[in-house]
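Take a look at the structure below.
FYI, it's all coordinate maths here, none of it is from the lab. Keep in mind that this is a model prediction, so the values were computed, not measured. Here Cβ is always computed from backbone atoms with ideal geometry, including for glycine, and neighbour counts include all displayed protein chains.
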Amino acid sequence: LSYKQQIVKASFRLGLLGMLRHAAGKKPKYAIICYHTVGNTGVPFFCPLTAALFEKQIQFLKQNYRVISLSQMLEEMQSGLSTSPAVVLTFDDGYRGVYEVAYPIMKKHGVTATTYLMGKSIDENTVAWYDRIFSSVLNPATLTVRFAGKDRVLPDREAKLTLAAEIVTNLRSMPDQGRIDFCRKFENEYPVVLADLQNRFMTWEQAAAMSRDGFSFGCHTMTHPVLSKVSPEKLVAELSECKSLLEKKLGSACLDFAFPFGRLAECVSQEAISSLGFRSAVTTVYGTNSAATSRFELRRLSCGDAGTIEEFAFELTRAFLGEPAEEPLGLPNLALQTENARA
Ligand SMILES: [Zn+2]
């Protein structure tokens, strides 16, 4: 164990984290946890969170916080009637492990979550562009990849995962059309493994079953582009097509949105989202929220990726000890996007 891990483990055992949780006070703050999937069925190309650890996390949350739905959090933010810190669970993308592994565990413990679905992946039983990059690189036939002017030799899975992550990170900062062109060329050179692409996402039937059990679904665009890099026309199409698809397939209003990737440079301002009929948007910008936080710039925590239950508890306690994020993120708005597109 590292020095930090030992301290975290000791504080957990000695009840120190509990004392810190008390010190964080009763001020209503909301931590929204951003998960992707759990376990190893229908997973993205790497998922460190096991079913056993996820269940421990849910038990820890129930023992120490209120675990509420996104809707309830938004109502409390509006009414100001909240009483104590609360945690909201969210899953991005709609991987099948959410249905097969996480859902039964959450149901057993009486908590719900919001899952943000990628319209095209669910509807066509396929993966998005960034998972296709992983599939191309992880293809057993791919032994070297030429990227950024260098030939990369790929001796093992580790090296492949590292390179695929590097390529995706790089593409996230490119203009949308440039990214699309790169992906097409890359796939011609380094073919995807077709069997990798199917059955990684939940089906509409699975989403409907969760919906009947009180789990809610939000929009995560049709194809997972970086929204700050697309034209205003594409932004509108990506969001409104996904929204109406979800409403048609699940029979309830789709009011909540999650930015693809969701870091500061990858989001756009409230006007672009609220004008399409959404009531909230989550980012992956770090922080907790209060009634003063814009509901279109909600901060989230990625502590679900922590390797142990002690680290999870530590990260969550640390987040609640900090001040909630209340300042606007200063995101670019749609009108600005239009000017940029014309320039
Ligand atoms: Zn996503």
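Report for the chain the percent antiparallel among DSSP-assigned beta bridges with both residues inside it, nearest 5.
Details: 6 of 29 bridges.
If we restrict to bridges inside the chain, about 20 percent are antiparallel.
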Query raised in the report: Rounded to the nearest 0.05, what FRET efficiency is calculated for Met174 and Tyr286 with R0 set to 30 Å and r the Cβ-Cβ distance?
Result: 0.80
Requested in this report: Would you work out which of Leu49, Gly330, Gly218 lies farthest towards the positive end of the dipole of the chain, given +1 charges on the beta-carbon of Lys and Arg and -1 on that of Asp and Glu, about the Cα centre?
Outcome: Leu49
**Report entry** Lys, Arg +1 and Asp, Glu -1 on Cβ, resulting dipole of region 139-221 about Cα centre, debye, nearest 20
**Finding:** 180
Query raised in the report: Which is farthest toward the positive dipole end of the chain among Leu235, Tyr116, Trp129, measuring Cα position about the Cα centre, with Cβ charges +1 (Lys, Arg) and -1 (Asp, Glu)?
Result: Tyr116
Report task. Determine, for Ile68, Ile180, the number of other Cβ atoms within 10 Å of each Cβ, and report the residues in order from fewest to most. Result -> Ile180, Ile68
Query - Translational diffusion of the chain, µm² s⁻¹ [Kirkwood Rh, Cα pairs; Stokes-Einstein; 4 °C; 1.567 mPa s] - result: 62
Query - Net length gained if the chain between Gln63 and Tyr3 were fully extended (0.36 nm per residue, minus Cα distance) - result: 18.9 nm
Requested in this report: Sticking to Cα atoms, compute the Rg of region 235-343 to one decimal and its Dmax as the biggest Cα-Cα distance, whole number, in Å.
Outcome: 16.1, 51
Query raised in the report: So which of Lys150/Lys243; Lys160/Lys248; Lys29/Lys108; Lys107/Lys249; Lys120/Lys229; Lys160/Lys249 end up more than 31 Å apart by C-alpha?
Result: Lys150/Lys243; Lys160/Lys248; Lys160/Lys249
Query - Spin-label model distance (nm) - Ser240 vs Ala52, 7 Å beyond Cα toward Cβ - result: 5.0
Report task. Please give the calculated 222 nm ellipticity per residue for the chain, where each DSSP H segment of at least 4 residues contributes -39500 (n - 2.57) and the sum is spread over every residue; nearest 500 deg cm²/dmol? Result -> -13500 deg cm²/dmol
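Using unit Cβ charges (K, R positive; D, E negative) and no other charged atoms, how large, in debye to the nearest 20, is the dipole of the chain about its Cα centre?
Magnitude of the dipole: close to 720 debye.
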Report summary line: Footprinting proxy, Asp123, Asp156: sorted fewest to most Cβ within 10 Å, the residues are Asp156, Asp123
Query raised in the report: In nanometres, what is the gap between the two model label sites at Glu326 and Ser84, each 7 Å from Cα along Cα-to-Cβ?
Result: 2.3
Query raised in the report: Taking other Cβ within 10 Å of each residue's Cβ, how do His109, His36 sort, fewest first?
Result: His109, His36
Query raised in the report: Does region 119-277 come out rounded, prolate or oblate, given a ≥ b ≥ c as the square roots of the eigenvalues of its C-alpha gyration tensor, rounded meaning a/c under 1.5 and, failing that, prolate meaning a/b above b/c?
Result: oblate
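Membrane-span-like helices in the chain: DSSP H runs reaching 30 Å or more (Cα, own axis), mean Kyte hydropathy at least 0.5? Write out the running numbers ahead of the final one.
On the way: long enough: none.
For the chain, where a helix must reach 30 Å along its axis and average at least 0.5, there are no hits.
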Query raised in the report: Could you give the alpha-carbon Rg of region 2-146 over 2.2 N^0.38 Å, rounded to two decimals?
Result: 1.29
**Report entry** Overall form of region 219-294 per C-alpha gyration tensor (a/c, 1.5; a/b vs b/c)
**Finding:** oblate
Query raised in the report: Toward the positive end of the charge dipole of the chain, about the Cα centre and with charges on Cβ (Lys, Arg +1; Asp, Glu -1), which of Gln63, Leu194, Ser274 goes farthest?
Result: Gln63
